[in-house]
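The structure appears below as structure tokens.
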Amino acid sequence: MKTAEALVRMVDEFGFCFAFTGESAYPIPAAFDHLDTRSDGRKWEWMWGWKDELAEKKRLYYGKLLVKKPTFVSMKMLPIFYATFGRGGDADDHLEDVRAGRLSEIARRIIEFLAVNGETQTKRMRSALGITSQDGRADYSKAIEELQRLMYVARVRAVGEGREDYNYTYDLFVHRYPETVRAAERASSADAMTTLLAHLLALSGGVTERQVTKLFDWSEDRLAHAARRLEMKKGLVRADGLLVLPTLG
């Protein structure tokens, strides 16, 4: 793979993968492993531009999604990820996660700021929210990661030149991907989780329950329910402590 079009085809085929290097603890494909060059410098040069260009054009999704690592998701698979949260895309969806402690106060403020102001550059949003200290910036970055992982906020485009000026604009996920939110309405969260687990098994062959809960940030109860449903559909078997494709079990 040495072109942006080839990257789109690869992500479409995989459904999702790590955007750069892999993670040895998780059997997920990594884009770097499929680049047709031995030069690490060229790999970074290619991928650094493609991730922004293709995501801005909605050819693929890019954000910190799986285990807080940069992740590519195909546009076809994106509604399945969103549907796992069981949200309707309403303006007050985030309040339950705030009350449950899954979202920080800064995350709440970011959501409510973007709901009013729309797509905003990182530096401008931090300034508007009064975040100026080093600790505040760290909390802001952590909140942005939380919001990407829970698919409340999405990156839109890269702006600025050079290390000091380079940053992203963000918008609410429901504003950036309304077609994805509409498509997600056709699947229940239980169906979406079962589909996502089945797809993970197709990619990996077999995984531990811990790998799944960490990868998708699911509770043990939610995973158990999805695994039982997939097992009843004969989409997985259990072997040596693993969830495995039936053809391999």
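Out of Gly63, Gly89, which single residue is assigned by TED's automatic domain parsing to the domain that holds Val153, in contact (Cβ under 8 Å) with a residue 60 or more places away in the chain and under 30 Å from Glu13 (Cβ atoms)? First the steps, then the outcome.
On the way: Gly63 fails: assigned by TED's automatic domain parsing to the domain that holds Val153.
So the residue among Gly63, Gly89 that is assigned by TED's automatic domain parsing to the domain that holds Val153, in contact (Cβ under 8 Å) with a residue 60 or more places away in the chain and under 30 Å from Glu13 (Cβ atoms) is Gly89.
If a residue must be surrounded by 14 or more Cβ atoms within 10 Å (Cβ to Cβ) and either polar (S, T, N, Q) or closer than 14 Å to Asp171 by Cα (or both), how many such residues does the stretch 124-136 contain?
Summing the residues that are surrounded by 14 or more Cβ atoms within 10 Å (Cβ to Cβ) and either polar (S, T, N, Q) or closer than 14 Å to Asp171 by Cα (or both) in the stretch 124-136 gives 2.
For the stretch 96-125, name all the residues that are touching a strand residue (DSSP E or B) at 6+ places or on another chain (Cβ under 8 Å) and more than 25 Å from Val159 (Cβ to Cβ). Don't jump to the end; show me each part of the working.
Step one: of the stretch 96-125, the residues touching a strand residue (DSSP E or B) at 6+ places or on another chain (Cβ under 8 Å) are 110-111, 113-115, 118-123, 125.
None - no residue of the stretch 96-125 is touching a strand residue (DSSP E or B) at 6+ places or on another chain (Cβ under 8 Å) and more than 25 Å from Val159 (Cβ to Cβ), so the list stays empty.
List every residue pair whose Cβ atoms lie under 7 Å apart, where the two residues are 6 or more positions apart in sequence or sit on different chains, the first residue falls within the stretch 34-55 and is without any contact (Cβ under 8 Å) to a residue 24 or more places away in the chain, and the second residue, located anywhere, is surrounded by 15 or more Cβ atoms within 10 Å (Cβ to Cβ) and part of a helix (DSSP H, G or I).
Lys43/Phe32
Quick check on Tyr170: is it in contact (Cβ under 8 Å) with a residue 12 or more places away in the chain, in a strand (DSSP E or B) and either more than 18 Å from Pro70 (Cβ to Cβ) or out of contact with any His (no Cβ under 8 Å at 6 or more places or on another chain) (or both)?
Numbers: in contact (Cβ under 8 Å) with a residue 12 or more places away in the chain: yes; in a strand (DSSP E or B): yes; either more than 18 Å from Pro70 (Cβ to Cβ) or out of contact with any His (no Cβ under 8 Å at 6 or more places or on another chain) (or both): yes.
Judged against the criteria, Tyr170 is a match.
Of all the residues that make up the stretch 27-65, how many are among the aromatic types (Phe, Trp, Tyr) and modelled with pLDDT under 90?
Of all residues in the stretch 27-65, those among the aromatic types (Phe, Trp, Tyr) come to 32, 44, 46, 48, 50, 61-62.
Right, trim to modelled with pLDDT under 90 and you get 32, 44, 46, 48.
Looking only at that region, the number is 4.
Report whether or not Thr122 is in the same structural domain as Glu220 (by TED's automatic domain parsing), of a type in the set (Val, Ile, Thr) and either closer than 30 Å to Glu231 by Cα or touching a Ser or Thr at 6+ places or on another chain (Cβ under 8 Å) (or both).
Working: in the same structural domain as Glu220 (by TED's automatic domain parsing): no; of a type in the set (Val, Ile, Thr): yes; either closer than 30 Å to Glu231 by Cα or touching a Ser or Thr at 6+ places or on another chain (Cβ under 8 Å) (or both): yes.
It is false that Thr122 is in the same structural domain as Glu220 (by TED's automatic domain parsing), of a type in the set (Val, Ile, Thr) and either closer than 30 Å to Glu231 by Cα or touching a Ser or Thr at 6+ places or on another chain (Cβ under 8 Å) (or both).
Cβ-Cβ under 9 Å, sequence separation 6+ or interchain: first residue in the stretch 105-127 and outside any helix (DSSP H, G or I), partner among the hydroxyl-bearing types (Ser, Thr, Tyr) and surrounded by 14 or more Cβ atoms within 10 Å (Cβ to Cβ). Which pairs?
Qualifying pairs under 9 Å: Glu119/Thr169; Glu119/Tyr170; Thr120/Thr169; Thr120/Tyr170; Gln121/Tyr168; Gln121/Thr169; Gln121/Tyr170.
Of the residues that make up the stretch 216-223, is at least one of a type in the set (Phe, Trp, Tyr) and assigned to a helix (DSSP H, G or I)? Spell out how you get there, then give the answer.
In the first step, residues of the stretch 216-223 are kept if they are of a type in the set (Phe, Trp, Tyr); the result is 216, 218.
Then drop every residue that is not assigned to a helix (DSSP H, G or I), which leaves 216.
Taking every residue of the stretch 216-223 in turn, at least one turns out to be of a type in the set (Phe, Trp, Tyr) and assigned to a helix (DSSP H, G or I).
Kindly indicate whether Lys68 is exposed (fewer than 15 other Cβ atoms within 10 Å of the Cβ) and within 13 Å of the chain's Cα centre (by Cα).
Values: exposed (fewer than 15 other Cβ atoms within 10 Å of the Cβ): yes; within 13 Å of the chain's Cα centre (by Cα): yes.
Yes, satisfied.
Based on what the data block shows, is Asp171 surrounded by 13 or more Cβ atoms within 10 Å (Cβ to Cβ), within 19 Å of Gly86 (Cα to Cα) and either out of contact with any helix residue (DSSP H, G or I) (no Cβ under 7 Å at 6 or more places or on another chain) or acidic (Asp, Glu) (or both)? Please lay out each step first, then the result.
Values: surrounded by 13 or more Cβ atoms within 10 Å (Cβ to Cβ): yes; within 19 Å of Gly86 (Cα to Cα): no; either out of contact with any helix residue (DSSP H, G or I) (no Cβ under 7 Å at 6 or more places or on another chain) or acidic (Asp, Glu) (or both): yes.
Taking the combined requirement at face value, the residue does not satisfy it.
The values are calculated or read from the model by the stated rules, or taken from the named source; none is laboratory data. Please read all numbers here as calculations on a predicted model, not as lab measurements. We place every Cβ from the backbone using ideal geometry, glycine too, and count neighbours over all the protein chains shown.
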